[in-house]
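Notes follow once the structure below has been shown.
The values are calculated or read from the model by the stated rules, or taken from the named source; none is laboratory data. Here the structure is a predicted model, which is why all the values come from computation and not from measurement. Backbone-built Cβ (ideal geometry, glycine too); neighbour counts: all protein chains shown. For the accessible areas, the whole protein counts, side chains as well, though only heavy atoms, and no ligand, DNA or RNA atoms are used. Shrake-Rupley method; radii C 1.70, N 1.55, O 1.52, S 1.80 Å.
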Amino acid sequence: MTKLQPSDPDAALPEQLLPDQSSPQQASKEDPSSQAVSPQHVATAFHEAGHAVMAMIVGRPIQKVTITAANIQTGGVRLGAVKIQKGRSKATNDWLEDEVLILLAGMVAEAHFTEQYCRQGASHDLQAVRQLLASRASNERQLEKLERRMLDKTEHLLSQDAYSAAIKSIALELLQKQTISGRAVKHHFNQAEQRFRGA
């Protein structure tokens, strides 16, 4: 299996993926606040929870979310993933903007835990954002302004109490179970909305 890049020395991989190594930082299934959970593992859970919550905000149904590591075709290891179902549960005006918001939400939600953007860890997401927004910008300066505007919008949405609470509860369940269903994501999302919006 491809090892993690040197930039991720604290990342804890699930034991079944590394049978020849035992890690004291293995995430505890019983207690997600245990010291056995590495900061990188928690950051990954918040990152994937951010993608999932933004997908729910823009009406994209989730199939599953995982923080189980896996090889990627371009080399290296992806630490987690959100699988979005085809189709959408509600129509929005701007499909491209939805995609950009979902892509940025991982880095933004992770930063709410780590207190800084991890641009290296989100490099694939940021590259995809740039490719999408390039179709709407006539020059580099305009592209940078679009990127900043979309990042600000992502920050604004995910800083709302209901969405912040949904991210946290999804991340905690991911730390316990490694992979959760779209139904579980929807449950956490709806509970957080009801608690903070009185719906």
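Scanning the stretch 116-126 for residues that are open to solvent by 90 Å² or more (accessible area, probe 1.4 Å) and either at pLDDT 95 or above or assigned to a loop (DSSP other than H, G, I, E, B) (or both) yields a count of 3. Of all residues in the stretch 127-136 being outside any loop (DSSP other than H, G, I, E, B) and within 13 Å of E97 (Cα to Cα), which is most open to solvent (accessible area, probe 1.4 Å)? Among those residues, the one meeting the criterion is Q131. Inside the stretch 100-115, residues that are at pLDDT below 95 and buried (at least 24 other Cβ atoms within 10 Å of the Cβ) make up a count of 0. Among residues of the stretch 170-181 that are of a type outside the set (A, V, I, L, M, F, W, C), those with a beta-carbon under 7 Å from a residue that is part of a helix (DSSP H, G or I) and surrounded by fewer than 20 Cβ atoms within 10 Å (Cβ to Cβ) at least six positions away or on a different chain give the pairs E173/A184. Residues in the stretch 182-197 that are over 16 Å from the mean Cα position of the chain (by Cα) and touching a residue at least 12 places away in the same chain (Cβ under 8 Å): 6 in all.
Of the residues in the stretch 152-173, none is outside any helix (DSSP H, G or I) and surrounded by 19 or more Cβ atoms within 10 Å (Cβ to Cβ).
Evaluating Q63 against the criteria (1) in a loop (DSSP other than H, G, I, E, B); (2) open to solvent by 20 Å² or more (accessible area, probe 1.4 Å); (3) modelled with pLDDT of 50 or more leaves one unmet condition, (1). Check V108 against each of (1) over 16 Å from A43 (Cβ atoms); (2) outside any loop (DSSP other than H, G, I, E, B) and name the one condition it does not meet. Result: V108 passes all but (1). For the stretch 158-169, filtered to residues that are under 14 Å from A43 (Cα atoms) and in contact (Cβ under 8 Å) with a residue 40 or more places away in the chain, the residue that is nearest to the chain's Cα centre (by Cα) is I167. Evaluated against (1) crowded, with 18+ Cβ neighbours inside 10 Å; (2) part of a helix (DSSP H, G or I), Q176 falls short on exactly one condition, (1).
Being open to solvent by 50 Å² or more (accessible area, probe 1.4 Å) and farther than 23 Å from D94 by Cα is a description that does not apply to N139.
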